[in-house]
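Participant: Here you go, one structure.
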Amino acid sequence: RRIKEKDFDDNYDLEGFMDINQTFDNPDQELNFSISYDVEKDNESENLLPEDNDPTSDTTSLYQNMKTVDVDFSYRSPINDKSKIELGYDGRINDNEETMDFQIASFNGENTFSYDRSIHGFYFEYDHRLNERFSIKPSVRYENISKDISFTSEKSGNATSILYAQILSLLDDSTFIDDYQMIYPDLHITYN
């Protein structure tokens with residue numbers, strides 16, 4: 001069967017990145033900040049054309065909106081000639097939505113899937129050289145995670161012979177929301 005594909009004219013992908021790196025007289029002291037983002041709209045249509053032996057047509061349009069933001073911040077500084085600390089933040093934020101309009105013979109509808117997730121992490125590291133051979137690095141990381149995932153489906157028509165219609169009839173609209181925090185302790189021991 002032949003497939004006819006079409007991208008809509010208003011699609012775009014916008015990306016940006018900024019990085020700031022501050023160095024100091026002491027090479028063990030450093031400040032870093034970076035942010036990146038990606039905003040994308042991707043809409044397309046696909047049509048499965050009928051043939052003589054199978055007159056069923058299938059048309060699907062997909063509308064995608066995706067947003068991603070990544071933020072990183074870190075500061076490292078010596079305490080004395082044997083010890084230094086580092087603290088920082090990193091954030092990962094996603095906001096995505098996808099809508100699919102479909103028509104298979106007399107069965108048609110719209111499915112919408114949404115995925116929003118944010119992770120905010122804060123960390124602290126302490127690096128201490130015990131002697132020329134051994135050093136230790138205890139650290140702790142705190143994360144706050146938030147997820148909001150949903151699926152909705154609107155459908156009409158009767159098409160019990162179509163497998164996709166049978167699968168959709170088994171699915172209920174659903175929303176999954178989960179917010180939680182985690183603490184990750186860590187200890188590195190180095191032998192030179």
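Participant: May I ask you to give the percent of accessible area on the chain that is carbon plus sulfur, with a probe radius of 1.4 Å? Working shown, then result.
Facilitator: Numbers: 6560 of 12860 Å².
In the chain, the share of accessible area belonging to carbon and sulfur is 51 percent.
Participant: Taking every pair of alpha-carbon atoms in region 81-172, what share in percent sits in each 10 Å bin, from 0 to the bin with the longest distance?
Facilitator: Spelled out per bin, shortest first, that is 13, 25, 16, 14, 12, 10, 8, 2.
Participant: Sticking with this one: Could you give the length gained on full extension between ILE85 and ASP179, defined as 0.36 nm per residue of separation minus the Cα-Cα distance, in nm?
Facilitator: Going from the current span to full extension adds 30.9 nm.
Participant: Considering the options ASN192, TYR142, PHE107, tell which one lies farthest towards the positive end of the dipole of the chain, charges being +1 on Lys and Arg and -1 on Asp and Glu at the Cβ, about the Cα centre.
Facilitator: About the Cα centre, the residue reaching furthest to the positive side is ASN192.
Participant: Along the charge dipole of region 19-139, Cβ charges K/R +1 and D/E -1, which of LEU62, SER118, SER74 sits furthest on the positive end?
Facilitator: Comparing the listed Cα positions along the dipole, SER74 ranks first.
Participant: About its Cα centre, how strong a charge dipole does the chain have in debye, to the nearest 20, once Lys and Arg get +1 and Asp and Glu get -1 at the Cβ? Please list the in-between numbers first.
Facilitator: Values: 17 positive and 41 negative charges, 183 e Å.
Charge dipole of the chain: 880 debye, to the nearest 20.
Participant: Once you mark the trypsin sites (Lys or Arg not before Pro) that are in a DSSP loop and have at most 13 other Cβ atoms within 10 Å, what is the longest gap between them in the chain?
Facilitator: With trypsin sites (Lys or Arg not before Pro) excluded where exposed in loops, the chain gives 3-81 as its longest stretch.
Participant: Turning to a different aspect of this structure: Calculate the translational D of region 13-147 in whole µm² s⁻¹ from Stokes-Einstein, where the hydrodynamic radius comes from the Kirkwood formula applied to all Cα pairs, the temperature is 10 °C and the viscosity 1.306 mPa s. Present the calculation step by step, with values, prior to reporting the outcome.
Facilitator: Numbers: Rh = 19.4 Å.
Reported coefficient: 82 µm²/s.
Participant: Relative contact order of the chain: what whole-number percent is it, with Cα pairs under 8 angstrom and at least 6 residues apart?
Facilitator: Across the chain, relative contact order equals 15 percent.
Participant: Accessible area per residue of region 6-163 at 1.4 Å probe, in Å²? Mind showing how you got there, number by number?
Facilitator: On the way: 9670 Å² over 158 residues.
Heavy-atom accessible area per residue stands at 61 Å².
Participant: Taking 0.36 nm per residue of separation and subtracting the Cα-Cα distance, what length does fully extending ASP95 through ILE167 add?
Facilitator: Working: separation 72, 0.36 × 72 = 25.92 nm, distance 2.66 nm.
Full extension of this stretch gives 23.3 nm more.
Participant: Student exercise: in the chain, how many lysine pairs 8 or more apart or on different chains have Cα atoms under 15 Å apart?
Facilitator: Working: LYS6/LYS41; LYS41/LYS67; LYS67/LYS147; LYS82/LYS137; LYS84/LYS137.
Count of close lysine pairs: 5.
The values are calculated or read from the model by the stated rules, or taken from the named source; none is laboratory data. Here the structure is a predicted model, which is why all the values come from computation and not from measurement. FYI the Cβ positions are ideal-geometry reconstructions off the backbone, even for glycines, and counts take in every protein chain you see. Each accessible area value is taken on the protein alone, full model and side chains, heavy atoms only, with ligands, DNA and RNA left out. Shrake-Rupley method; radii C 1.70, N 1.55, O 1.52, S 1.80 Å.
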